[in-house]
Amino acid sequence: MQSTTACATASRQDSASSHLPKASVVIPARNEAEHVGSVLAALASQTVKPAEIVFVDSGSTDNTASIARRHRARIFTLKPGEFSYGGALNFGVHNAEAPITVFLSAHAIPASPQWLEALLAPFHDPKVAAVFGRQLPYAYTNPLEALEIRRAYGARPRRYRKDPPFCSANAAVRRSLALLHPFREDVAYGEDLLWAREICREGHVVAYAPRAAVFHAHHETFREVLLRQRRETRERVLHLDFDTWLAEWWMVPVGLAWGVGRDWFRLAVRGARLRWFFRAPAFRLAKVLGTWRGFRDADKAMR
């Protein structure tokens, strides 16, 4: 009976692999020893196996690289001073060999053995140039960050011909297109969004595959949330034509009040513990203030 079950499982895996393109999984990493073992173990259990794992390490001082080596990844090294997010993606593309390059954050753990299969499935359509998957909060992610993640990623598949919310933390691209249109290396945020916009302007399609889900969260302090929001807003204004009413200082209190009210409502719906209702104003202030300061930074940069 066990032999029959094993044969059936192997048959399903062979069937899934036969009609999907080969994929290289590129993992940029720096000091990710806490999660990278779980990420690589999840890759090993996929119904569709990666053709290879390309590990781009940018100066890890922990045992990240040794963990990757135990999982037989091909390891490449970038000096910390040479690192940029776009540069790490381009470096991975150049060193990958399969026709599809999959990008996966070193702390984004595939949520199921069908993750890679689901991420590659939309490529049966030759118009699809790239696919990005869903992100889910970890069970221990604080409820405020979890709300943000769930709000950003829905459960329905979509196809974009303009301005896709593409995220390279969990995504796949046609390698030929990524070689022809490299990711920008001169931006601190949004290199993936800018790339996807350019690809769509060329007439290609970007697909969203919610079944290709990973667990991914940053688990930042409120100060880190503010700094990230500030940096990302600055880059979005400078390079992505981002605009919002929070650019005006007098809208900051309005944005804070509205955001806290929304957070409280969603926390109540999900039955969150009382302490998170008290922490919501500080979290929302970090988001709102980071957005406002990011606009000020961008305004100064454009003068």
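Only residues that are farther than 22 Å from Ala96 by Cβ and either within 15 Å of the chain's Cα centre (by Cα) or free of Cβ contacts under 8 Å to residues at least 12 places away in the same chain (or both): list them for the range 189-200, please.
Here is the first cut: in the range 189-200, the ones farther than 22 Å from Ala96 by Cβ are 189-190, 197, 200.
Of everything in the range 189-200, those that are farther than 22 Å from Ala96 by Cβ and either within 15 Å of the chain's Cα centre (by Cα) or free of Cβ contacts under 8 Å to residues at least 12 places away in the same chain (or both) turn out to be Tyr189, Gly190.
Going by what's in this entry, would Ala118 be described as in contact (Cβ under 8 Å) with a residue 40 or more places away in the chain, touching a Leu at 6+ places or on another chain (Cβ under 9 Å) and not in a loop (DSSP other than H, G, I, E, B)?
Numbers: in contact (Cβ under 8 Å) with a residue 40 or more places away in the chain: yes; touching a Leu at 6+ places or on another chain (Cβ under 9 Å): no; not in a loop (DSSP other than H, G, I, E, B): yes.
Spelling it out, it is not the case that Ala118 is in contact (Cβ under 8 Å) with a residue 40 or more places away in the chain, touching a Leu at 6+ places or on another chain (Cβ under 9 Å) and not in a loop (DSSP other than H, G, I, E, B).
Going by what's in this entry, would Trp250 be described as in contact with a helix residue (DSSP H, G or I) (Cβ under 9 Å, 6 or more places away or on another chain) and farther than 16 Å from Glu145 by Cα?
On the way: in contact with a helix residue (DSSP H, G or I) (Cβ under 9 Å, 6 or more places away or on another chain): no; farther than 16 Å from Glu145 by Cα: yes.
When the stated conditions are applied, Trp250 does not pass them.
Does the range 5-16 include one or more residues that are surrounded by 13 or more Cβ atoms within 10 Å (Cβ to Cβ) and either at pLDDT 90 or above or outside the structural domain of Ala108 (by TED's automatic domain parsing) (or both)? Give the steps one after another, and end with the answer.
Start the filter on the range 5-16 by keeping residues that are surrounded by 13 or more Cβ atoms within 10 Å (Cβ to Cβ), which leaves 13, 16.
Now restrict to residues that are either at pLDDT 90 or above or outside the structural domain of Ala108 (by TED's automatic domain parsing) (or both): none.
The answer is no; no qualifying residue exists.
Is it the case that some residue within the range 148-163 is among the hydrophobic types (A, V, I, L, M, F, W, C) and buried (at least 21 other Cβ atoms within 10 Å of the Cβ)?
Checked against the condition, which is being among the hydrophobic types (A, V, I, L, M, F, W, C) and buried (at least 21 other Cβ atoms within 10 Å of the Cβ), the range 148-163 yields no hits at all.
Given the conditions (1) crowded, with 19+ Cβ neighbours inside 10 Å; (2) in contact with a helix residue (DSSP H, G or I) (Cβ under 9 Å, 6 or more places away or on another chain); (3) of a type in the set (D, E, K, R), report the number of the one that Arg134 does not fulfil.
For Arg134, the failing item is (2).
Tell me, please, whether a residue that is of a type outside the set (A, V, I, L, M, F, W, C), part of a helix (DSSP H, G or I) and under 18 Å from Thr141 (Cβ atoms) can be found in the range 266-275.
Looking through the range 266-275, at least one residue is of a type outside the set (A, V, I, L, M, F, W, C), part of a helix (DSSP H, G or I) and under 18 Å from Thr141 (Cβ atoms).
Within the range 258-303, count every residue that is hydroxyl-bearing (Ser, Thr, Tyr) and farther than 21 Å from Arg228 by Cα.
Going through the range 258-303, the residues hydroxyl-bearing (Ser, Thr, Tyr) turn out to be 291.
Subset that is farther than 21 Å from Arg228 by Cα: none.
Count: 0.
Considering only the range 24-55, state which residues are in contact with a helix residue (DSSP H, G or I) (Cβ under 8 Å, 6 or more places away or on another chain) and among the polar types (S, T, N, Q). Full working, then the answer.
From the range 24-55, those in contact with a helix residue (DSSP H, G or I) (Cβ under 8 Å, 6 or more places away or on another chain) are 24-33, 36-37, 40, 42-43, 46-50, 53-55; that's our starting set.
If the condition is that a residue be in contact with a helix residue (DSSP H, G or I) (Cβ under 8 Å, 6 or more places away or on another chain) and among the polar types (S, T, N, Q), then Ser24, Asn31, Gln46, Thr47 are the ones that fit.
Suppose we filter the range 76-88 for residues that are surrounded by fewer than 16 Cβ atoms within 10 Å (Cβ to Cβ) and in contact with a Phe, Trp or Tyr (Cβ under 6 Å, 6 or more places away or on another chain); how many remain? Break it down stepwise before answering.
Of all residues in the range 76-88, those surrounded by fewer than 16 Cβ atoms within 10 Å (Cβ to Cβ) come to 77, 79-82.
Okay, now just the ones that are also in contact with a Phe, Trp or Tyr (Cβ under 6 Å, 6 or more places away or on another chain), so none.
Looking only at that region, the number is 0.
Considering only the range 222-250, state which residues are touching a residue at least 24 places away in the same chain (Cβ under 8 Å) and of a type in the set (A, V, I, L, M, F, W, C).
Phe222, Val225, Leu226, Leu227, Val237, Leu238, Leu240, Leu246, Ala247, Trp249
Pull up the range 89-108, narrow it to residues that are within 14 Å of the chain's Cα centre (by Cα) and under 17 Å from Gly190 (Cα atoms), then point me to the one that is surrounded by the most Cβ atoms within 10 Å (Cβ to Cβ).
Leu104
Which residue out of Val173, Val187, Val206 is in a loop (DSSP other than H, G, I, E, B) and surrounded by 14 or more Cβ atoms within 10 Å (Cβ to Cβ)?
Answer to the selection: Val187.
In this structure, does Arg279 turn out to be surrounded by 14 or more Cβ atoms within 10 Å (Cβ to Cβ), part of a helix (DSSP H, G or I), modelled with pLDDT of 95 or more and not assigned by TED's automatic domain parsing to the domain that holds Ser84? If you could, list the steps in order and put the result at the bottom.
Values: surrounded by 14 or more Cβ atoms within 10 Å (Cβ to Cβ): yes; part of a helix (DSSP H, G or I): yes; modelled with pLDDT of 95 or more: yes; not assigned by TED's automatic domain parsing to the domain that holds Ser84: yes.
It is true that Arg279 is surrounded by 14 or more Cβ atoms within 10 Å (Cβ to Cβ), part of a helix (DSSP H, G or I), modelled with pLDDT of 95 or more and not assigned by TED's automatic domain parsing to the domain that holds Ser84.
How many residues, within the range 139-165, are at pLDDT below 95, assigned to a loop (DSSP other than H, G, I, E, B) and of a type in the set (D, E, K, R)?
Counting residues in the range 139-165 that are at pLDDT below 95, assigned to a loop (DSSP other than H, G, I, E, B) and of a type in the set (D, E, K, R) gives 2.
For the range 47-70, which residues satisfy the criterion of being surrounded by 20 or more Cβ atoms within 10 Å (Cβ to Cβ), assigned to a loop (DSSP other than H, G, I, E, B) and either under 19 Å from the mean Cα position of the chain (by Cα) or among the small types (Gly, Ala, Ser) (or both)?
Pro50, Ser58, Ser60, listed by residue number.
The values are calculated or read from the model by the stated rules, or taken from the named source; none is laboratory data. Predicted, not measured: the structure shown is a model, and the values here were computed from it. FYI the Cβ positions are ideal-geometry reconstructions off the backbone, even for glycines, and counts take in every protein chain you see.
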